[in-house]
Amino acid sequence: MIILVATRFTVIEKDWCTNMDIFDCINKRRSIRKYKNLEVEKEKIDLLIKAGMAAPSACNRQPWEFIIITDDKVLTELREGMQFARYNAPVAIVVCGNTKLGKGVDAWDKDCSAAIENILLAATGLELGSIWIGIHGLPAAEKISSRVLNIPKYVIPFGMVYIGYPDEEKGIRAQYNEKRVYWQKYDQSRKHKARPKDLKHKA
């Protein structure tokens, strides 16, 4: 069961519990690229999926579907086929948009994005590491994931989330930038500089 009460993030399942301030959870979430060789408990994976399904969706169509991969052979096929997916996480969750489930409302990609963010935050609350790997819009990644995972044409692989116990430490980071905030109307006179490409993967 996932409960949001005031600013507390509480996850309760069987004999364990974690309680983290929701804003700490948001700021603590980092992209983890190194994982320990430890199995992630099924109960925690189930909680992550429940968190994903708790996301908002256009007209409440809930067009998402989730493919959980823990088999080493399948994970290896995905890693070898996708250039940006070569991390050693023991679990991958591929979030897909089923176009038949979202028929009449073309917002499945936004819905899947919301589901993925919920999974990332829930993973942080469970003291798991995670990283979001983009698939949709990358033809090679879409083709490989669809083939390896036997995904039909009316289901679109949107993104993959690696999950595992982190083998690297990253500090809490806030990214608030008041120059990106406007009140009442957009200020066209305000000047911005694009952030340089992060070649060191510090997300």
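Annotations for the structure displayed:
- Shape parameters for the range 114-174, alpha-carbon atoms, Rg then Dmax in Å: 14.0, 41
- Placing pseudo-labels 7 Å out from each Cα toward the beta carbon at Glu80 and Arg173 gives an inter-label distance of 3.2 nm.
- Under a Gaussian network description of the chain, with springs only between Cα atoms under 10 Å, the residue in Asn177, Asn118, Asn27 that fluctuates furthest is Asn177.
- Residue-averaged 222 nm ellipticity for the chain, from DSSP H runs of 4+ at -39500 (n - 2.57), nearest 500: -8500 deg cm²/dmol
- By accessible area with a 1.4 Å probe, ligands and nucleic acids excluded, highest first: order of Trp183, Trp108: Trp183, Trp108
- Exceedance of the 28 Å cut-off in Cα-Cα distance is limited, within the set Lys28/Lys153; Lys50/Lys185; Lys44/Lys179; Lys143/Lys193; Lys28/Lys193, to Lys28/Lys153; Lys50/Lys185; Lys44/Lys179; Lys143/Lys193.
- In the assembled protein chains, Ile26 presents an accessible area of approximately 80 Å² (probe radius 1.4 Å).
- Backbone N under 15 Å from the Lys153 label point (7 Å along Cα→Cβ), restricted to the range 94-117: 99-100
- Lys, Arg +1 and Asp, Glu -1 on Cβ, resulting dipole of the range 95-203 about Cα centre, debye, nearest 20: 620
- Couplings 3J(HN,Hα) of the range 150-158, computed from phi: 6, 8, x, 5, 7, 10, 10, x, 8 Hz, in residue order, whole Hz [Karplus 6.51 cos²θ - 1.76 cosθ + 1.60, θ = phi - 60°; x for Gly and Pro].
- Computed E for Ile68/Ala140 - FRET, C-beta separation, R0 30 angstrom, nearest 0.05: 0.85
- When +1 charges are put on Lys and Arg Cβ atoms and -1 charges on Asp and Glu Cβ atoms, the dipole computed for the chain relative to its Cα centre reaches about 1060 debye.
- For Cα extents along the principal axes in Å, calculated from these coordinates, the label among [x] 61, 51, 22; [y] 52, 42, 38; [z] 44, 43, 34: [y]
- Accessible surface, 1.4 Å probe, highest first, among residues Lys28, Lys103, Lys153: Lys153, Lys103, Lys28
- Whole-Hz couplings from phi, Karplus 6.51/-1.76/1.60, listed for the range 164-169; x for Gly and Pro: x, 7, x, 10, 8, 10
- Listed residues Ile172, Ser189, Val155: farthest to the positive end of the dipole of the range 129-203 (Cβ charges): Ser189
- The residues of the chain have, on average, 63 Å² of accessible surface per residue, using a 1.4 Å probe with all protein chains present.
- Nonpolar atom fraction for the range 121-186, defined as the carbon and sulfur part of the 1.4 Å probe accessible area, stands at 53 percent.
- Stretching Asp109 away from Arg190 to a fully extended chain increases their span by 26.1 nm, per 0.36 nm per residue minus the current alpha-carbon distance.
- Mean Kyte hydropathy of 0.0 or more with a Cα span along the axis of at least 20 Å, helices from DSSP in the chain: 108-125
- Accessible surface ranking for Asp187, Asp167, 1.4 angstrom probe, highest first: Asp167, Asp187.
- Less than 5 angstrom separates the built amide H of Val91 from those of Ile163, all sequence-distant by 5 or more or on a different chain.
The values are calculated or read from the model by the stated rules, or taken from the named source; none is laboratory data. Since this is a predicted model, take the numbers as computed values, not measurements. We place every Cβ from the backbone using ideal geometry, glycine too, and count neighbours over all the protein chains shown. Calculation scope for accessible area: heavy atoms of the full protein, side chains included, ligands and nucleic acids excluded. Shrake-Rupley method; radii C 1.70, N 1.55, O 1.52, S 1.80 Å.
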